[in-house]
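Asker: The structure follows.
The values are calculated or read from the model by the stated rules, or taken from the named source; none is laboratory data. The structure displayed is predicted, hence computed values, not measured ones. So basically every Cβ, Gly included, is an ideal-geometry build from the backbone, and we count neighbours across all protein chains shown.
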Amino acid sequence: MKTRTDLIVWGGTALTMDDNLRIVEHAVIKIGQGKIQEISSKKGFRPPAGVKNLDASNCLLLPGLVNGHTHTGMSLLRGIADDLPLYEWLNHHIFPLERALGKKDFVALGTELACLEMLRSGTTTFNDMYYFEEAAAEAAHRMGIRAICGQTHLEISGVEKSSEVFKKFDLFFKTVSKFPRVQGALAPHSIYGLSESLWKEMIAYAERNDLLIHTHLAETPKECHEIIKQRGVSPVKWFESIGLWDQKVICAHAVELSDDDIKLLGRNQVGIVFNPESNLKLGNGICPVVELRAQGAVLSFGTDSTASNNNLDLLQEVDTGTKIQAFKYGVGKLSAVESVKMLTIEGARALHLEKLIGSLEMGKEADIIAVSLKGPHCFPLYDPYSHLVYSATGADVLHTLVGGKILMKNRKMMLCDENDILNRAQKWGLKIARLNAKFQKA
């Protein structure tokens with residue numbers, strides 16, 4: 001029996017991001033039960049009476065963008081300690097504030113604020129890593145966005161038995177399973193954040209439960225030099241020795257890589273997240289995206305947190321990132337169309353979600369954005385991929401849908417009270433500023 005059509009999105013030019021990169025002009029996208037039923041081209045189409053519809057005329061329609069690495073709970077720390085090197089930024093500002101403020105209400109509001117920003121700029125799926133991720137998962141559920149919520153763990157030697165760690169993970173995954181658009185993940189912080197024995201237990205737990213592992217990898221020279229000094233091999237090779245690359249895994253940053261590291265990550269088709277603006281701001285270097293993709297690694301764009309970026313606009317991120325790769329490797333070595341793949345279908349593949357999202361195809365979730373082409377920076381338009389990478393910004397996103405539900409229509413949020421979120425964030429900001437000033441005087 002044919003499924004009823006609940007919504008028709010029509011009038012725009014659809015970049016399907018399927019295997020053939022099919023472009024459909026005058027697109028008519030039929031949606032039923034949250035999934036794409038059909039994509040066709042019908043010039044002069046007018047929706048039939050009685051069927052809910054969304055006019056996307058003068059827009060590019062494409063799959064919702066995938067943000068491969070976030071710490072959404074940190075969003076209330078945006079701009080609190082800018083223009084500092086990574087370790088000073090972390091140790092003298094971020095860590096003290098997190099210790100003082102890190103509670104569920106802090107994480108919940110930070111995540112709501114982040115989801116608001118992402119939905120307004122075209123992101124429909126994000127891969128998160130932070131503490132109190134059950135609060136982040138619930139906030140994402142309320143906002144209607146799709147998310148992978150990774151519960152962070154940093155080992156404190158002698159304080160917590162590993163059996164207790166995994167009991168907490170069991171409870172976390174049970175809680176997160178209540179939210180249909182949210183998937184739980186393991187997020188061990190880094191190679192240096194856990195002992196070898198706990199890393200091995202994490203990997204075994206992930207394998208038993210078919211879980212994604214999300215971690216930081218080779219972010220700074222200091223990290224890599226210390227691991228090589230302590231263990232005799234690079235972080236990438238050490239992780240190979242304990243079987244991490246045999247699992248579903250996605251790694252953020254991957255800046256400090258040798259040629260052998262790149263080949264190893266490519267051979268194992270590891271998901272890697274390129275966070276260009278965060279890495280530039282903290283002075284950490286440039287991920288070798290072109291080389292990693294050439295070897296077979298699967299790349300996604302990510303923003304990292306607003307504390308180190310300071311925004312979650314993936315269209316701004318892709319502009320910066322594509323230009324950086326041109327600087328590193330030569331013009332055109334990472335083309336606009338390949339960058340848009342990294343924002344959509346390749347980003348979905350890095351998260352092992354490519355059967356669900358990442359392209360506009362029949363049977364996939366109707367996660368769709370409409371990017372307006374009405375601004376002066378849109379004229380003339382010769383190549384839609386080039387326009388998305390080099391001209392468009394998140395402010396051009398007109399409509400955002402997740403699972404066939406309209407979350408933003410004509411720039412108006414449909415499911416949340418935007419002003420309420422912003423007002424609560426402002427009140428928290430005053431509190432955080434006072435506390436940070438107190439820490440600096442101490």
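Asker: Can you find a residue in the stretch 277-285 that is part of a strand (DSSP E or B) and within 30 Å of H93 (Cβ to Cβ)?
Answerer: no
Asker: Something else about it: From the list L84, L15, L7, L116, exactly one residue is surrounded by 19 or more Cβ atoms within 10 Å (Cβ to Cβ) and farther than 28 Å from A139 by Cα. Which is it? Give the derivation first.
Answerer: Working: L84 fails: surrounded by 19 or more Cβ atoms within 10 Å (Cβ to Cβ); L7 fails: farther than 28 Å from A139 by Cα; L116 fails: farther than 28 Å from A139 by Cα.
Just one listed residue meets the conditions, L15.
Asker: Look through G32, G50 and report the one residue that is at pLDDT below 95 and over 24 Å from K341 (Cβ atoms). Let's see the steps before the verdict.
Answerer: Numbers: G32 fails: at pLDDT below 95.
After applying the criteria, what remains is G50.
Asker: When you scan the stretch 84-130 for helices (runs of 4 or more DSSP H) that lie fully inside it, which ones turn up with 1 or more residues that are among the acidic types (D, E), touching a strand residue (DSSP E or B) at 6+ places or on another chain (Cβ under 9 Å) and under 24 Å from S300 (Cα atoms)? Give the steps one after another, and end with the answer.
Answerer: Numbers: elements: 86-89, 95-101, 104-120.
Helices (runs of 4 or more DSSP H) meeting the threshold: 104-120.
Asker: For the stretch 128-138, state whether one or more residues are crowded, with 24+ Cβ neighbours inside 10 Å, within 23 Å of I272 (Cβ to Cβ) and out of contact with any Gly (no Cβ under 7 Å at 6 or more places or on another chain).
Answerer: For the stretch 128-138, residues crowded, with 24+ Cβ neighbours inside 10 Å, within 23 Å of I272 (Cβ to Cβ) and out of contact with any Gly (no Cβ under 7 Å at 6 or more places or on another chain): absent.
Asker: Another question about this same structure. Among what's in the stretch 320-335 and is in contact with a helix residue (DSSP H, G or I) (Cβ under 6 Å, 6 or more places away or on another chain) and in contact (Cβ under 8 Å) with a residue 40 or more places away in the chain, pick the residue that is surrounded by the fewest Cβ atoms within 10 Å (Cβ to Cβ). Show your work before the answer.
Answerer: Here is the first cut: in the stretch 320-335, the residues in contact with a helix residue (DSSP H, G or I) (Cβ under 6 Å, 6 or more places away or on another chain) are 320-322, 324-325, 329, 333-334.
Next, only the ones that are in contact (Cβ under 8 Å) with a residue 40 or more places away in the chain stay: 320-322, 324, 333-334.
On the way: T320: 13, G321: 28, T322: 25, I324: 19, K333: 16, L334: 25.
The qualifying residue surrounded by the fewest Cβ atoms within 10 Å (Cβ to Cβ) is T320.
Asker: Further question on the same structure: Can you name the condition, by its number, that A437 falls short on among (1) of a type outside the set (K, R); (2) under 22 Å from the mean Cα position of the chain (by Cα); (3) over 24 Å from R142 (Cβ atoms); (4) exposed (fewer than 15 other Cβ atoms within 10 Å of the Cβ)?
Answerer: (2)
Asker: Ok, one more. Hey, among I203, I227, which residue is β-branched (V, I, T) and farther than 24 Å from F132 by Cβ? Don't jump to the end; show me each part of the working.
Answerer: Numbers: I203 fails: farther than 24 Å from F132 by Cβ.
Criteria check complete, one pass: I227.
Asker: Go through (1) on the phi > 0 side of the Ramachandran plot; (2) within 20 Å of the chain's Cα centre (by Cα) and name the single condition H153 misses.
Answerer: For H153, the failing item is (1).
Asker: Taking only the stretch 1-27 into account, find how many residues are in a strand (DSSP E or B), within 16 Å of T400 (Cα to Cα) and not small (G, A, S).
Answerer: 6
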